[in-house]
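Participant: Mind looking over this structure? Questions follow.
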Amino acid sequence: MRWGGWGDPDRTATLPESVTALLGSALGVERPGQPIPDAASAKLPPSRITELPGADSSAGARLAHLRGKSTPDLLKIRAGDVSAVPDAVARPESHEEVVALLAECGQRGIAVVPFGGGTSVVGGLTPETGKPVLALDLARMDQLIAFDSESRTATFGPGARAPQAEKLLNQRGYTLGHFPQSFEYATIGGFAATRSSGQASAGYGRFDELVVALRAATPTGTIETGRAPRSAAGPDLRQLLLGSEGAFGVITSVTVAIRPVPEVKHYEGWTFEDFAAGTAAMRSLAQDGPQATVLRLSDEFETAIGLSRPGKLGHGAGGCQLILGFEGTAAEVEAKRAAAGDRLRALGGEPLGTEPGEAWAHGRFSAPYLRDALLDAGALVETLETATFWSTIPDLYEAVREAIVDTLVEGGTPPMVLCHVSHTYPAGASLYFTVVCALGENPIEQWDAAKKAASEAIASAGGTITHHHGVGRDHLPWYAAEIGPVGVAALRAVKQAVDPDGILNPGVLIP
Ligand SMILES: Cc1cc2nc3c(=O)[nH]c(=O)nc-3n(C[C@H](O)[C@H](O)[C@H](O)COP(=O)(O)OP(=O)(O)OC[C@H]3O[C@@H](n4cnc5c(N)ncnc54)[C@H](O)[C@@H]3O)c2cc1C
């Protein structure tokens, strides 16, 4: 992973001239951002962890586990702030080693941060604690532990990165179908710990829906869940570990449902006059079928910039663009395409053919690389997401846009606010906002103000504070309000049962 940025260090993005010009003319971007300093120049606080067997307190290891990948995380690195660096890194190879490490850390008062791909965007890797901090990197626990073609399940170690897991399944004729934008780096354990949702969630489901069984090491012992695909043996304890963000235990294996590799993948583009018409069409497909695999609508602003097809940034269009994808056998795909086409036409959609769909599929993991280029150019870019019921979407959409625009205009940096809908359910959908503006004098405070205003707007409009990024530290106040005092007390009671000394990710998830 690129130090201080995103992705493969050998693959950098260059902004098209049209976009650079737009940054100046529309957003008043005048001067470049702070460059990423050389990691070798970082002045680290001395490590407080010594003589922990297997722990690595070298500067390189500590810096590679510094924070996650939100824009504030990256801005802090650009500003030379390495204060949140862990004291050491451990790389266990087995469940038993994790159990032993947790016991030792409990005795010595060391906080433990489970570290998967390090792609958290909500402060999930920066605990709030006075304790020494150990990053527990799960990369060595990356095996395909079991494969059951009859039940169509596969069990992975938590550190298996998504491309590796997908490759191992593909070699056997199967797919997980989980493709979040962080696909290149995020891990199976991280997906479970954050309830991730991928770009093909309409067809394959969210990651939490794919999980059949989980095993976790906690400071008080091992917990195993998922003896059968469904059970009436009390509440489903898998749900305690899904979304637990390292606060209840270290997930050491995950069993997931898998599907045969689809014979055909077909992605196409449609255009709608406006966001209301586009969301109405999505709702129709989500509620009455045919079930799409990928369903993704960009609002007028995202369509105009061309971000709906990151590889073609700067080549925007009017209206609202919808990407519609089907995967399956040739016959299934053909039948669904035809039926969906009739429905979308009847709801005012115009077909754009396969080119937009293929451009989206080709560039689907490239947008995060653009963020580094924008930060270099002097633009602040960050995203936030929520979910709500269909009936609330129009109000929530307007309220969030208005809150972000008003806050940033007041601060002297008018933004572009773009939005897409990319995870749909019969009852509602998730809204994903991208905000771009000129970097202000204090970009961390600038973004904090906008994010706070957006979060208040989400809460007031009745949305959830997060649909798939998780709670981390950034969403804690709104999460506490969302689940209420009884919910908070229940979470704290579980925490007390599994982690009485509070060593697991202190300050993350539990209000
Ligand atoms: C550019 C970019 C694009 C993204 N796109 C998406 C997207 O499309 N969909 C989506 O859902 N998310 C997305 N995310 C968010 C992020 O990728 C997800 O939250 C992902 O699931 C995190 O996986 P990870 O392996 O990187 O976990 P990490 O970032 O390493 O950890 C995330 C949290 O889980 C905990 N954790 C990690 N592994 C374990 C474990 N084995 N046991 C217990 N706790 C653990 C950590 O302590 C931390 O609190 C994106 C992030 C970025 C930077």
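Derivation of every value follows stated rules applied to the coordinates shown; laboratory data play no part. These numbers were taken from a predicted model, which means no experiment stands behind them. Cβ: placed from backbone, ideal geometry, glycine included. Neighbour counts: every protein chain shown.
Participant: Taking segment 144-260 on its own, what percent of its Cα-Cα pair distances exceed 17 Å?
Facilitator: The share of Cα pairs beyond 17 Å in segment 144-260 comes to 51 percent.
Participant: In terms of Cα to Cα distance under 29 Å, which lysines are near enough to Lys336, apart from those fewer than 8 places away along the same chain?
Facilitator: Reachable lysines: Lys167, Lys265, Lys312.
Participant: Same structure again: For Arg296, what residues show an amide H to amide H distance below 5 Å, using hydrogens built from the backbone and excluding near sequence neighbours?
Facilitator: So Arg296 has HN proximity to Ile323.
Participant: Only Cα pairs under 8 Å and at least 6 apart count here; give the relative contact order of segment 1-150 as a rounded whole percent.
Facilitator: 24
Participant: Which order do the peptides 152-164, 277-289 take when ranked by the mean count of other beta-carbon atoms within 10 Å per residue, highest first?
Facilitator: Those peptides, ordered most packed to least, come out 152-164, 277-289.
Participant: Related question: Report the one residue of Ala449, Pro511, Thr218 whose Cα lies farthest in the direction of the positive end of the charge dipole of the chain (charges on C-beta: Lys and Arg +1, Asp and Glu -1; origin at the Cα centre).
Facilitator: Towards the positive end, the residue furthest out is Thr218.
Participant: Using the Cα gyration tensor of segment 387-511, with a ≥ b ≥ c the square roots of its eigenvalues, what is the shape: rounded (a/c below 1.5), prolate (a/b larger than b/c) or oblate (neither)?
Facilitator: Since a/c reaches 1.5 but b/c is at least a/b, the shape of segment 387-511 is classed as oblate.
Participant: A further question on this structure: Can you give the % of DSSP beta bridges in the chain that are antiparallel, to the nearest 5?
Facilitator: Just about 85 percent of them are antiparallel.
Participant: Moving on. Based on alpha-carbon positions alone, could you give the equivalent ellipsoid semi-axes of segment 466-511 from the gyration tensor, as √(5λ), descending, whole Å?
Facilitator: Sorted largest first and rounded, they come to 18, 13, 8 Å.
Participant: Additional query: Please report the relative contact order for the chain, taking Cα pairs under 8 Å with a sequence separation of at least 6, and give it as a percent rounded to a whole number.
Facilitator: Relative contact order comes out at 18 percent.
Participant: Students often check this: by mean Cβ neighbours within 10 Å, which of 473-483, 499-509 ranks highest, and how do the rest follow?
Facilitator: So the order, starting with the most tightly packed, is 499-509, 473-483.
Participant: Take peptides 397-405, 22-30 and line them up by average Cβ neighbours within 10 Å, highest first, as a rough protection proxy.
Facilitator: 397-405, 22-30
Participant: Restricting to DSSP H runs of at least four residues, report the calculated mean residue ellipticity at 222 nm for the chain, -39500 (n - 2.57) per run over all residues, nearest 500 deg cm²/dmol.
Facilitator: -11000 deg cm²/dmol
Participant: Quick one: Karplus J couplings for segment 166-174, per residue in order, coefficients 6.51, -1.76, 1.60, θ = phi - 60°, nearest Hz, x for Gly and Pro?
Facilitator: For segment 166-174, the Karplus-derived couplings read 5, 5, 4, 6, 4, 4, 9, x, 10 Hz, x marking Gly and Pro.
Participant: To the nearest whole percent, what portion of all C-alpha pairs in segment 264-362 is separated by more than 20 angstrom?
Facilitator: Percentage above 20 Å: 30.
Participant: Determine the distance separating the Cα centre of segment 227-291 from the Cα centre of segment 378-410; give it in Å without decimals.
Facilitator: Measuring centre to centre over Cα atoms gives 24 Å.
Participant: How much FRET efficiency would the formula 1/(1 + (r/R0)^6) give for Ala489 and Ala339, where r is the Cβ-Cβ distance and R0 is 51 Å, rounded to 0.05?
Facilitator: 0.55
Participant: Taking a ≥ b ≥ c as the square roots of the Cα gyration tensor eigenvalues, with a/c under 1.5 meaning rounded and otherwise prolate when a/b beats b/c, else oblate, which class fits the chain?
Facilitator: oblate
Participant: Taking K and R as +1 and D and E as -1, what net charge do the other residues with C-beta under 13 Å from the C-beta of Leu210 add up to?
Facilitator: Result for the neighbourhood of Leu210: +2.
Participant: I'd like to know which of Gln287, Gln239, Ala399 lies farthest towards the positive end of the charge dipole of the chain, counting +1 on Cβ of Lys and Arg and -1 on Cβ of Asp and Glu.
Facilitator: In the chain, that residue is Gln239.
Participant: Find how much the distance from Ala100 to Arg172 grows on full extension, using 0.36 nm per residue of separation minus their present alpha carbon separation; answer in nm with one decimal.
Facilitator: 22.5 nm
Participant: Moving on. Could you work out the local net charge near Ala292, counting Lys and Arg as +1, Asp and Glu as -1, over the other residues with Cβ closer than 10 Å to its Cβ?
Facilitator: Computed value for this residue: +2.
Participant: I need to check one value: relative contact order of segment 411-465, counting alpha carbon pairs closer than 8 Å and at least 6 residues apart, in percent.
Facilitator: Taking the mean separation of contacting Cα pairs over the length of segment 411-465, I get 27 percent.
Participant: Which pairs, out of Lys451/Lys495; Lys76/Lys451; Lys76/Lys452, put more than 21 Å between their alpha-carbon atoms?
Facilitator: Lys451/Lys495
Participant: What does the extension gain come out to for Gln239 and Arg227, with contour length at 0.36 nm per residue minus their alpha carbon separation?
Facilitator: Result: 2.9 nm gained on full extension.
Participant: For segment 435-496 and segment 117-191, what is the centre-to-centre distance using only Cα atoms, to the nearest Å?
Facilitator: Going from one Cα centre to the other spans 25 Å.
Participant: If you don't mind, there's one more thing I want to ask. Just add up the charged neighbours of Arg108: K/R +1, D/E -1, any other residue whose Cβ is under 14 Å from the Cβ of Arg108.
Facilitator: -2
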